[in-house]
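The values are calculated or read from the model by the stated rules, or taken from the named source; none is laboratory data. In this text the structure is predicted, and so the values were computed from the model without any measurement. So basically every Cβ, Gly included, is an ideal-geometry build from the backbone, and we count neighbours across all protein chains shown. Ligands, DNA and RNA are stripped out before the accessible areas are found, and what is left, the full protein with its side chains, is counted by its heavy atoms. Shrake-Rupley method; radii C 1.70, N 1.55, O 1.52, S 1.80 Å.
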Amino acid sequence: MDQGDLYGVKGALNVVRHARLRRAGVRAPVVVRKRGNARGAKGAQEGGCVKDRTLEDPPAEVSRKETKQAGEGFNTGCAEPVVWTERMLTALIKGVKGGKWFSLIDKVYSIQTLKAAFERVEANKGAAGIDHETVEMFSKRLDTNLDKMSEQLQKGTYRPRPLRRKWIFKLGSREKRPLGIPTIRDRVAQTALRYVLEPIFEIGFAIHSYGFRPGRGCKDALRRVDDLLKKEHWYVVDADLKSYFDTIPFEPLMRLIRNKVSDGRVLALIESFLQQDIMDGLSQWTPEEGAPQGAVISPLLSNIYLDPLDHLMAERGFEMVRYADDFVILCRTQAEAVQALALVRQWTTEAGLQLHPDKTCIAYAPGDGFEFLGYRFHHGKRNVRRKSLAKFKATIRSKTRRCNGHSLEHIVRSVNGTSIGWFNYFRHAHRYTFSSLDGWIRMRLRSILRKRRGGRGRGRGADHQRWPNAFFAKHGLFSLTAAHAAACQSARER
């Protein structure tokens, strides 16, 4: 597969040294490489809050390398420097004896690792767990808290506290999705554990897996889909695993982890997080399967469990693009797509998983079209799927109610925050999408101003002359249409 330049052990370690020099404020040498298709970005799957990078090419300075020995697409940048020394990275890339790692718990309970983990938890913010302890409260006694955690992890007496269950609505549905919110203490422990485990498994992950991986994200997956469609892979297996995170079987997952990790205390710690009690109101129970959504370690565990499927499809020659539990397989013929779907059905049944009966199908891209990661691919175009568009509009509505008591400047700033993030993800949708949305947003703002003049209903008629488009531009309203035009111009100039 064409995934950019391939480097040996020495080259990979040089990248890590340069990355560490940059963190320390020392200017490292700039390395130029050919442009490949392994550029990464991490982002939200749906169209609301987007954390993804833009689709422009990255700077020439290299922050990661790939090695044949380490597996295609291995990102050395995922190795946390306080945990992974250059000696450990050398062993990781060359391969350890027997393929298993021993004596890892000392890396988890290291005060340095725990401090780095807390910094990550602090940056992510997030709600308190069942103990109502916030990040700020935890940080006030940081040294004491981390010392106690380190001692418990070292002795094997650390016990996670129950998860706080929270229900959120699924996009465009009345169904709710369960989230498990760990305490700050458990989030720190899980982050430390992820720092230790992630490179061990990341090095072997398949190249077409994009979800919850360092330096990879939605936009990389979308680029790959776009490339395959241009190569006339028009028959698409559109697959969705039903309640995947909640149905991952414990024992088969632990067997996959034991294939690479032999530290008993680390394995026991993972099991304790998988079997954390869940508190929903006054009810408390212990789950028998699944990795709770909301837990720091769950994305890595979910990728570990689906990794055999990734490699199976690659070995059989199928072009699969997976983001977490959402994946598509793009084929040249309908017969090939039927074979791919049959293989997926067989594997999921043997793995104790279930394909969603209503969301899994074979689609013909130029005709029926299909949806993936918030986009709808149809007739050679990429449009925003209806659910993602509805979510965006619902967010704007909540910020532009006619009885809004804020100033217009405040409302515009709030709307811009949503619009800019949304555009950064959906900038490659059809241009008509943006002009339509711009007009709709201005209508919402005119309705507010109309209400304040004592009028009723939507902004219409003379309101367009009273508050023309230039009026909102003067107040700093972000224009999706103008941003799209600028992005297209920039792309042409490149």
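Figures for the structure shown
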item	result
Residues being open to solvent by 10 Å² or more (accessible area, probe 1.4 Å), under 24 Å from PRO162 (Cα atoms) and not in a helix (DSSP H, G or I) - total across segment 258-278	3
Residue in segment 120-131 that is closer than 17 Å to LEU193 by Cα, at pLDDT 95 or above and among the acidic types (Asp, Glu) present	yes
Of the criteria (1) polar (S, T, N, Q); (2) farther than 30 Å from MET443 by Cβ; (3) in contact with a Ser or Thr (Cβ under 9 Å, 6 or more places away or on another chain), which one GLN334 fails	(3)
Residues of segment 335-361 that turn out to be assigned to a helix (DSSP H, G or I) and of a type outside the set (Phe, Trp, Tyr), as a count	15
Condition check for GLY457: outside any helix (DSSP H, G or I) and not charged (D, E, K, R)	yes
Which numbered condition THR183 fails, given (1) surrounded by fewer than 17 Cβ atoms within 10 Å (Cβ to Cβ); (2) free of Cβ contacts under 8 Å to residues at least 60 places away in the same chain; (3) polar (S, T, N, Q)	(1)
Answer residue from segment 416-442, given it is in contact with a Lys or Arg (Cβ under 9 Å, 6 or more places away or on another chain) and assigned to a loop (DSSP other than H, G, I, E, B) and is most open to solvent (accessible area, probe 1.4 Å) among those	HIS428
Cβ pairs under 7 Å, 6+ apart, first in segment 444-460 and under 18 Å from VAL415 (Cα atoms), second charged (D, E, K, R) and open to solvent by 10 Å² or more (accessible area, probe 1.4 Å)	SER447/ARG402; SER447/ARG458; ILE448/ARG402; GLY459/ARG450
Test: residue in segment 299-316 that is over 21 Å from SER209 (Cβ atoms) and not in a strand (DSSP E or B)	no
Of the criteria (1) open to solvent by 30 Å² or more (accessible area, probe 1.4 Å); (2) in contact with a helix residue (DSSP H, G or I) (Cβ under 8 Å, 6 or more places away or on another chain); (3) closer than 30 Å to LYS219 by Cβ, which one ALA483 fails	(1)
Pairs with Cβ under 7 Å, 6+ apart, first in segment 96-110 and within 18 Å of GLU151 (Cβ to Cβ), second surrounded by 13 or more Cβ atoms within 10 Å (Cβ to Cβ) and among the small types (Gly, Ala, Ser)	VAL108/ALA192; TYR109/SER150
Flag if ASP246 is under 22 Å from the mean Cα position of the chain (by Cα), open to solvent by less than 50 Å² (accessible area, probe 1.4 Å), among the charged types (D, E, K, R) and within 20 Å of LEU355 (Cα to Cα)	no
Selected residue (only one of ALA291, ALA239 is outside any helix (DSSP H, G or I), closer than 24 Å to TRP167 by Cβ and open to solvent by less than 10 Å² (accessible area, probe 1.4 Å))	ALA291
Residue tally, condition modelled with pLDDT under 90, more than 13 Å from TYR195 (Cα to Cα) and open to solvent by 30 Å² or more (accessible area, probe 1.4 Å), over segment 72-92	1
Residues located in segment 395-415, provided they are surrounded by 14 or more Cβ atoms within 10 Å (Cβ to Cβ) and not in a loop (DSSP other than H, G, I, E, B)	THR395, ILE396, LYS399, LEU408, ILE411, VAL412, ARG413, SER414, VAL415
Qualifying residue in segment 283-296 (condition: farther than 30 Å from GLU122 by Cα, out of contact with any Cys (no Cβ under 8 Å at 6 or more places or on another chain) and not aliphatic (A, V, I, L, M))	yes
Pair list, Cβ < 6 Å and 6+ apart or interchain, from segment 471-494 residues that are in contact (Cβ under 8 Å) with a residue 40 or more places away in the chain and within 16 Å of TRP440 (Cβ to Cβ) to residues that are among the aliphatic types (A, V, I, L, M) and part of a helix (DSSP H, G or I)	LEU477/VAL412; PHE478/ILE420; LEU480/LEU437
Selected residue (criterion: farthest from ALA337 (Cα to Cα)) from residues of segment 362-379 that are within 21 Å of the chain's Cα centre (by Cα) and assigned to a strand (DSSP E or B)	TYR375
Condition check for ASP227: open to solvent by 20 Å² or more (accessible area, probe 1.4 Å), touching a residue at least 12 places away in the same chain (Cβ under 8 Å), under 30 Å from HIS378 (Cβ atoms) and not in a helix (DSSP H, G or I)	no
Flag if ARG255 is open to solvent by 50 Å² or more (accessible area, probe 1.4 Å), under 22 Å from GLU350 (Cα atoms), among the charged types (D, E, K, R) and part of a helix (DSSP H, G or I)	yes
Residue selected from segment 303-346 under the condition within 16 Å of ASP240 (Cα to Cα) and among the basic types (Lys, Arg), by the criterion most open to solvent (accessible area, probe 1.4 Å)	ARG345
Checking GLN284 against (1) part of a strand (DSSP E or B); (2) open to solvent by 60 Å² or more (accessible area, probe 1.4 Å); (3) more than 21 Å from ILE130 (Cα to Cα); (4) not aliphatic (A, V, I, L, M), the condition it does not meet	(3)
